[in-house]
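Following: one structure in structure tokens, then a few remarks.
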Amino acid sequence: MDKVRYGIVGYGNMGTSHVAHFAAGDIPKAEVTAICDIAEARRDAAKEKYPDIPVFENAADLYASGLCDVVVIAVPHYDHPKLAIEAFDAGLNVITEKPAGVYTKQVLEMNEAAKKTGKLFGIMYNQRTNPMYQKIREMVKSGELGHIKRISWIITDWYRPQSYHDSGAWRSTWKTEGGGALINQNPHQLDLWQWMFGMPDRITSHVSFGKYYDIEVEDDVTAYFEYDNGTTGTYITSTGEAPGTNRLEVACDMGKIVVENDQMIFYRNVVSEREFNKNFKGVFGSPECWRCELPVSGKGEQHVGIFKDFTKALITGSELLAPGEEGINGLTVSNSIHYSAWKGSIAVDVKNFPHDEFYDILCDKIKNSKVDKSNVRQRTEDTSGTY
């Protein structure tokens, strides 16, 4: 394969951005050869801007066209697994936008479809290209930090006014979006957490729904993560704070890492805290600590980086930076936070997550939605509409 042909399913905010990157030549050895959207206005916009690219009304026709090697799923959340499964069945490789889906049950089915076909499967976890998070992951895996004691991530710089929630018929309801801050704004950070530190074993949460806005989904979240090895974590997020904060703090035997304001500081102990504690005989004292500003900066290539990585993998057989099958991990964390809150802030056993019960509760919330979205077709797994 000398050049990889991409089809974009969904020509909305993300879809238009993706096509623009290919059109600008940002992804070598790759091109967009088809676009699809169910909305006539979006199709007309695509035809006007890219008259040489075929435009389709539904995904089935694009899949059957033979014009693509890869399809990029860039549609509302509920439809990601459904359209990906159809693409695998059509013999196509797939990149899905985040999140992998809304509930784990459908994402497990998507992963199984990918496994059966053997096609390349990726997910748009573009934050994995960020060199700061790559560095933390490297340091954790190398053992350089020693035991991780506590992780704290405050990620509240997602401020969204009421007008944002009102800007689209599908936004901020259980029926059409499937959640709020966790499912829309936070999938990248939830993925990064498990990518850097591994999956927590238990999650307990306190979540507010419509605390700051006239919406039915979550807009304020505090979650407590526990690991069997003793590591604990707190994850705090909200769309109702201005100004917000994005601060990741990792306390470990060898000191503390802080990532904030595009800086990464390692407060490095000369000897590990455990070693100091074992040998120190005084009353008050602490390990000598150096403030080290680590030489990592920038945000990586983001979406372009994921497309470059996927194209390279198809051509050369290299491993993916963001395999689609790993989308289940961050979603399980997200679903666990919801489930804990729905069940009265119980501790959720992440390894034995109740996929079916979660889906049943979600279906009840969809059924009992108080927000009038009657003009928007319901986006659940039994929907007959196509893209």
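The values are calculated or read from the model by the stated rules, or taken from the named source; none is laboratory data. None of these values were measured; they are calculated from a predicted model. Here Cβ is always computed from backbone atoms with ideal geometry, including for glycine, and neighbour counts include all displayed protein chains. The protein model used for the area step is the full one, side chains on, heavy atoms only, and it has no ligands, DNA or RNA in it. Shrake-Rupley method; radii C 1.70, N 1.55, O 1.52, S 1.80 Å.
Worth a mention:
Yes/no matrix, rows are residues, columns are (1) modelled with pLDDT of 95 or more; (2) over 30 Å from ARG202 (Cα atoms); (3) more than 23 Å from the chain's Cα centre (by Cα); (4) not in a helix (DSSP H, G or I):
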site: PHE284; (1), (2), (3), (4): yes, yes, yes, yes
site: HIS303; (1), (2), (3), (4): yes, yes, no, no
site: LEU321; (1), (2), (3), (4): yes, no, no, yes
site: SER334; (1), (2), (3), (4): yes, no, no, no
site: TYR339; (1), (2), (3), (4): yes, no, no, no
site: LYS351; (1), (2), (3), (4): yes, no, no, no
site: THR386; (1), (2), (3), (4): no, yes, yes, yes
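- In the set (1) open to solvent by 30 Å² or more (accessible area, probe 1.4 Å); (2) without any contact (Cβ under 8 Å) to a residue 40 or more places away in the chain, the condition left unmet by THR234 is number (2).
- With respect to the stated conditions, ALA34 fails to be out of contact with any helix residue (DSSP H, G or I) (no Cβ under 8 Å at 6 or more places or on another chain) and not hydroxyl-bearing (Ser, Thr, Tyr).
- Those residues of the stretch 145-169 which are in a loop (DSSP other than H, G, I, E, B) and either small (Gly, Ala, Ser) or touching a Leu at 6+ places or on another chain (Cβ under 7 Å) (or both), in sequence order: GLY146, SER167, GLY168, ALA169
- Test: SER142 is within 25 Å of LEU321 (Cα to Cα), open to solvent by 50 Å² or more (accessible area, probe 1.4 Å), out of contact with any strand residue (DSSP E or B) (no Cβ under 8 Å at 6 or more places or on another chain) and without any contact (Cβ under 8 Å) to a residue 60 or more places away in the chain: yes
- Residue within the stretch 157-173 that is at pLDDT 95 or above and open to solvent by less than 40 Å² (accessible area, probe 1.4 Å) present: no
- Every condition in (1) at negative phi; (2) in a loop (DSSP other than H, G, I, E, B) holds for GLY230 except the one numbered (1).
- Scanning the stretch 93-118 for residues that are in contact with a strand residue (DSSP E or B) (Cβ under 7 Å, 6 or more places away or on another chain) and open to solvent by 10 Å² or more (accessible area, probe 1.4 Å) yields ASN93, GLU97, LYS98.
- Within the stretch 24-37, residues that are at negative phi reach partners that are assigned to a loop (DSSP other than H, G, I, E, B) and open to solvent by 60 Å² or more (accessible area, probe 1.4 Å) with beta carbons closer than 8 Å, at six or more positions or on different chains, in the pairs ALA30/LYS3; GLU31/LYS3; CYS36/GLU57; ASP37/GLU57.
- Taken as a whole, the structure leaves PHE225 outside the set of residues that are touching a Lys or Arg at 6+ places or on another chain (Cβ under 9 Å), open to solvent by 20 Å² or more (accessible area, probe 1.4 Å), closer than 18 Å to ILE154 by Cα and not acidic (Asp, Glu).
- Selection within the stretch 252-296 - within 21 Å of ILE154 (Cβ to Cβ), open to solvent by less than 90 Å² (accessible area, probe 1.4 Å) and touching a residue at least 24 places away in the same chain (Cβ under 8 Å): CYS252, GLY255, ILE257, VAL259, GLN263, MET264, ILE265, PHE266, TYR267, LEU294, VAL296
- Residue check, ASN58 within 27 Å of the chain's Cα centre (by Cα) and open to solvent by 50 Å² or more (accessible area, probe 1.4 Å): no
- One residue alone among PRO243, PRO200 is part of a loop (DSSP other than H, G, I, E, B), within 29 Å of ASN261 (Cβ to Cβ) and open to solvent by less than 50 Å² (accessible area, probe 1.4 Å), and that residue is PRO200.
- Within the stretch 154-199, the set of residues being of a type in the set (S, T, N, Q), touching a residue at least 40 places away in the same chain (Cβ under 8 Å) and more than 22 Å from TYR224 (Cα to Cα) comprises GLN162, SER172, THR173, THR176.
- Single residue of the stretch 11-36 satisfying the filter (out of contact with any Asp or Glu (no Cβ under 8 Å at 6 or more places or on another chain) and charged (D, E, K, R)) that is surrounded by the most Cβ atoms within 10 Å (Cβ to Cβ): ASP26
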